[in-house]
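Encoded as structure tokens, the structure appears first; notes follow it.
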């Protein structure tokens, strides 16, 4: 899942965007048909195929061991993740709007699937698999409904601090979930900290060889990423670990391997679940949709900025919805997008989703023609890959930026992290979203205010607190409230406006409200505004407004405020309002 640091700034106005290969980008497919991905292939040339082919083969080397590891993380058969990746890549190539995005199993959604299904399955393996498949279908249905309702803005509901903290919490859960795999023990506890406590009480059962193998994979991947970022590290790790296990016959020492892999194609079927089961999965499906779609939208958007593409956020809902439904029908689990694989595709200068088609075919060949290679992979190596992926989910630089920027922002991130760990991933999402909303609500409820005055040598009016030599205009209080007026801040506006009048050293003749930030108001705010006007009139202060937008003027009219606010005292700009005040003073 992408970290907050992936957000990129847009290109400057007037600058012609080009792709990383120097060619002008194609326009985003228009939202007038279901199979929009085909539009990306218009104008496809043979010169592009070499880059797409090499990118597809390269990303397969990353995808195979990753999907095997994420299958274990989700609690299903290792090969299941590969089939999920195949259907996801095939369908996204026809339905998606990003030329580079790599879709399939991903760590965060795999953790969420396990967290949602484990308590419902109650230890029944067959029921667990059915619930995983049913949850994927439910996620797909929620995505399709969101596409029909045009809810593409949903990816913006997680603020950067909350997203950073949430992903750090997910990373820790991922690491805790692999304690049993890395130690070679069967751990029974489900809660992250409880797993650590259980292992600590059974240290005599830890298998040192298994621990060493898993740790070696983690260290190898971290070092290789620093030295050779584009090298297929996960493939090299599992191949190397498999050779070590085979050469030294470590299976005899208790090192577990993936084992026999079904080589037949999965048959589509509906999971054996009732309506009650589907209803119990609905909340989890909505939460996974929220996180999974945020992953897709943020990753696609970040790389689109780099290449000059335009992504249709609502179409991404449709593409992910259909892909998740298909994954459920083949007995898989919910999927999302992979930022690491997308980065590889971008680095290989791939031009289209032909890369995904090539990777899908390559995965099919691996599963059907070489299942024995997968069977030899040590599970400890897959656990090491999960731990490595978890370490990369933590945005260390982002946490440092938050600490430098504002301590409250870092606090939000840490609260989100603790929320994920203290409850679980799904409840942690609600905590994260709730914190984002509360943070926004707090900013709206108590926004900054300013009294404006003149600054020698500087045109316009400015916050007097920002300039020591600023001076207010005698008799005129120019007051700015930096938020729309609503029920949450109506009383705050009234109190601060009147307090600003009381603080002036001389009598205020005019109270001029700079309404540039007040784009709308509700009835509670309208009532507070009328009370403010009435109170000012009692103090013999004339109320005026400047920079009133047409929508706000219409709301003033419909609320009856223009009956108490003189329409002649509503001015288009601050300079016009100041001139009107000075004429008023001259007449007096």
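The numbers here are math on the coordinates, done by the rules we state, and not lab data. On a predicted model such as this, the values are computed, not experimentally measured, just so you know. So basically every Cβ, Gly included, is an ideal-geometry build from the backbone, and we count neighbours across all protein chains shown.
Taking only C-alpha pairs under 8 Å that are 6+ residues apart, what is the relative contact order of the chain in percent?
Values: 1030 pairs, mean separation 132.6, N = 588.
Rounded, it is 23 percent for the chain.
Put a dot 7 Å past each Cα toward the Cβ at residue 566 and residue 504; how far apart are the dots in nm?
1.5 nm
Is any residue of segment 441-456 close enough, with backbone N under 18 Å, to a label point placed 7 angstrom from the Cα of residue 522 along the Cα-Cβ axis, and if so, which?
441-447
If one takes the longest principal axis of the Cα atoms in the chain, at what angle in degrees, from 0 to 90 and to the nearest 10, does the Cα axis of helix 574-587 lie?
Compared with the principal axis, the helix lies near 20 degrees.
Going by how many other Cβ atoms sit within 10 Å of their own, how do 415, 344 line up, fewest first?
Fewest-to-most Cβ neighbours within 10 Å comes out as 415, 344.
Could you order peptides 498-509, 358-369 by the average number of other Cβ atoms within 10 Å of their residues, highest first?
Those peptides, ordered most packed to least, come out 358-369, 498-509.
Rank these for me by crowding, 348, 523, 278, 138, going from fewest to most other beta carbons within 10 Å.
Numbers: 348 20, 523 13, 278 17, 138 28.
Least crowded to most crowded, the residues run 523, 278, 348, 138.
For the pair residue 231 and residue 150, how long in nm is the line joining their label points, each one 7 Å along Cα→Cβ?
5.0 nm
Give the whole-number value, in cubic angstrom per residue, of the convex hull volume spanned by the C-alpha atoms of segment 448-587.
Once divided by residue count, the hull of segment 448-587 is 105 Å³.
Could you bin all the Cα-Cα distances of segment 73-218 into 10 Å bins starting at 0 and give me the percent of pairs in each, rounded to whole numbers?
Calculated over all Cα pairs of segment 73-218, the distribution is 9, 29, 37, 19, 6, 1 percent.
Among 73, 477, which comes first, second and so on when ranked by fewest other beta-carbon atoms within 10 Å?
477, 73
If you fit an axis through the alpha-carbon atoms of helix 407-422 and take the longest principal axis of the Cα set of the chain, what angle between them do you get, 0 to 90°, nearest 10?
With rounding to tens, the tilt is 40 degrees.
I'd like the FRET efficiency for residue 270 and residue 57, computed as 1/(1 + (r/R0)^6) with the beta carbon distance as r and R0 of 45 Å, rounded to 0.05.
The calculated FRET efficiency here is 0.85.
Starting from the Cα of residue 396, step 7 Å along the direction of its Cβ; do the same at residue 263; then give the gap between the two resulting points in nm.
4.4 nm
Share of Cα-Cα pairs in the chain beyond 36 Å, in percent?
When all Cα pairs of the chain are counted, 47 percent exceed 36 Å.
Relative contact order for segment 448-587: what percent, with Cα pairs under 8 Å and sequence separation of 6 or more?
Numbers: 226 pairs, mean separation 28.2, N = 140.
Dividing the mean separation by the residue count of segment 448-587 yields 20 percent.
Report the FRET efficiency, 1/(1 + (r/R0)^6), for residue 550 and residue 211, where r is their Cβ-Cβ distance and R0 is 60 Å, rounded to 0.05. Write down the numbers at each step before the final one.
Details: r = 68 Å, r/R0 = 1.14.
The computed FRET efficiency comes out at 0.30.
Going by alpha carbons, how many degrees (0 to 90, nearest 10) lie between the helix axis of 425-445 and the longest principal axis of the chain?
It is inclined by approximately 10 degrees.
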